[in-house]
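Q: Take a look at the following structure, please.
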Amino acid sequence: MRRLPNPSRAAFLLCAPLLAAGLAACGNTVSTSGFKGEQHAVAETISNLQSDATASDEKKLCVDDLAEAVVKNLGGAKGCEKAIHDQIAEIDNLEVKVQSIQIAPGATTATAQLKSVYAGKRRPVTVTLVKQGGKWKVSAVQ
């Protein structure tokens, strides 16, 4: 991996796994039917991330799907859009399934456990979300 200047390096380190967790190839969609209430809202955020990335809608990803702190760390709206644009070009074939979602009652953070298939290999991914303005947004991927 080539060394990228800041904030591009930060963008790469955050966006690559974030998009890898949220995208699916060939029009596959994240199923949200097994979740209810706030868990359903979290699953919808992951589904929206996938749809917006599949459509290469960098602006929607930065405004609707990513937490404010993530966008700020990527250099604001324009920096985020550029980082997302660059990372979408790097993603190849990938599928994702939401395995479970944990939210404590009244909490403003959630954790989603995903299973993804990337380059033919299954791997677990943990996505952390925060509730901002009444909407769940992706804040981290592990």
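Q: Go over the candidates 114, 129 one by one and state the one that is at pLDDT 95 or above and of a type in the set (A, V, I, L, M, F, W, C).
A: Values: 114 fails: at pLDDT 95 or above.
Answer to the check: 129.
Q: If we scan the range 85-106, do we find a residue that is within 20 Å of residue 133 (Cβ to Cβ), at pLDDT 85 or above, out of contact with any Cys (no Cβ under 6 Å at 6 or more places or on another chain) and in a helix (DSSP H, G or I)?
A: No.
Q: I need every pair where a residue in the range 48-75 that is in contact (Cβ under 8 Å) with a residue 40 or more places away in the chain has its Cβ under 7 Å from the Cβ of a residue that is among the hydroxyl-bearing types (Ser, Thr, Tyr), sequence separation at least 6 or different chains.
A: Pairs that qualify, where the first residue is in contact (Cβ under 8 Å) with a residue 40 or more places away in the chain and the partner is among the hydroxyl-bearing types (Ser, Thr, Tyr), are 50/29; 65/45; 67/139; 69/139; 70/139.
Q: Moving to a separate point now. Tell me the residue from 130, 96 that is in contact (Cβ under 8 Å) with a residue 24 or more places away in the chain, touching a strand residue (DSSP E or B) at 6+ places or on another chain (Cβ under 6 Å) and crowded, with 20+ Cβ neighbours inside 10 Å, please. Walk me through it before giving the result.
A: On the way: 130 fails: crowded, with 20+ Cβ neighbours inside 10 Å.
Answer to the check: 96.
The values are calculated or read from the model by the stated rules, or taken from the named source; none is laboratory data. All figures in this text were calculated on a predicted structure; none of them were measured in a lab. For neighbour counting, all protein chains shown are included, and Cβ atoms are generated from backbone atoms with ideal geometry for every residue, glycine included.
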